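First the structure, in the form of structure tokens, and then the observations on it.
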Amino acid sequence: MPGRFESWGEFVAASRRARLALTVCLAPPDEVAALSPAYWQAIGEGSLPFRWLNLPMQNFGLPADLPAFRDGIAQCAASLVAGDAVLLHCAAGIGRTGTAAVCVLKQLGLPTDDAMRRVRDAGSNPETALQSGLADQF
């Protein structure tokens with residue numbers, strides 16, 4: 001989560017260097033506000049230096065709105081195809097991020113096994129049977 005383990009200024013500087021175009025936040029708003037107040041403030045002020053998309057999932061759970069999640073994953077994949085730098089995050093970068101990352105890779109055409117292997121090789125993965133089921137059925 002941006003600004004959770006580094007200062008907000010450090011994150012913004014790094015995001016500009018990386019030419020970050022889209023950030024997909026998988027944490028619900030209350031979780032963002034509690035864990036990264038400066039990030040939450042920037043969201044509220046509309047001062048983020050990138051496009052922001054919220055696809056909230058409860059920790060260890062599924063998306064709150066599955067159709068919106070599917071649409072958001074499609075937007076994320078389209079941004080990647082266009083050559084944009086995209087950040088996909090939850091609070092720790094494991095279960096929710098791993099689930100969404102597998103879905104993005106599948107949206108880009110990878111079979112489930114390949115998508116899952118790549119996400120696991122990167123240090124993430126779905127953490128629950130529900131999340132694995134979503135990634136498998138996506």
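Bear in mind that the values in this text are calculations on the coordinates, not laboratory data. A quick note: this is a predicted structure, and the numbers were derived from the prediction, not measured. When we count neighbours, we look across all protein chains shown, and the Cβ atoms used for this are built from the backbone with ideal geometry, even at glycine.
Considering Leu110, Leu80, Leu87, the condition of being without any contact (Cβ under 8 Å) to a residue 24 or more places away in the chain and not acidic (Asp, Glu) is satisfied by Leu110 alone. Residues of region 56-104 that are of a type in the set (Val, Ile, Thr) and farther than 23 Å from Asp30 by Cβ: Val81, Val86, Val102, Val104.
Going residue by residue through region 116-123, is there one that turns out to be surrounded by 14 or more Cβ atoms within 10 Å (Cβ to Cβ) and either of a type in the set (Ser, Thr, Tyr) or closer than 25 Å to Gly9 by Cα (or both)? Looking for residues that are surrounded by 14 or more Cβ atoms within 10 Å (Cβ to Cβ) and either of a type in the set (Ser, Thr, Tyr) or closer than 25 Å to Gly9 by Cα (or both), one finds none in region 116-123, hence no. From the list Ala14, Ala92, Ala38, the one residue that fits, being surrounded by fewer than 17 Cβ atoms within 10 Å (Cβ to Cβ) and either within 12 Å of the chain's Cα centre (by Cα) or closer than 25 Å to Ser132 by Cβ (or both), is Ala92.
Are any of the residues in region 111-118 touching a helix residue (DSSP H, G or I) at 6+ places or on another chain (Cβ under 8 Å) and under 25 Å from Ala34 (Cβ atoms)? So far as region 111-118 goes, no, none of its residues is touching a helix residue (DSSP H, G or I) at 6+ places or on another chain (Cβ under 8 Å) and under 25 Å from Ala34 (Cβ atoms).
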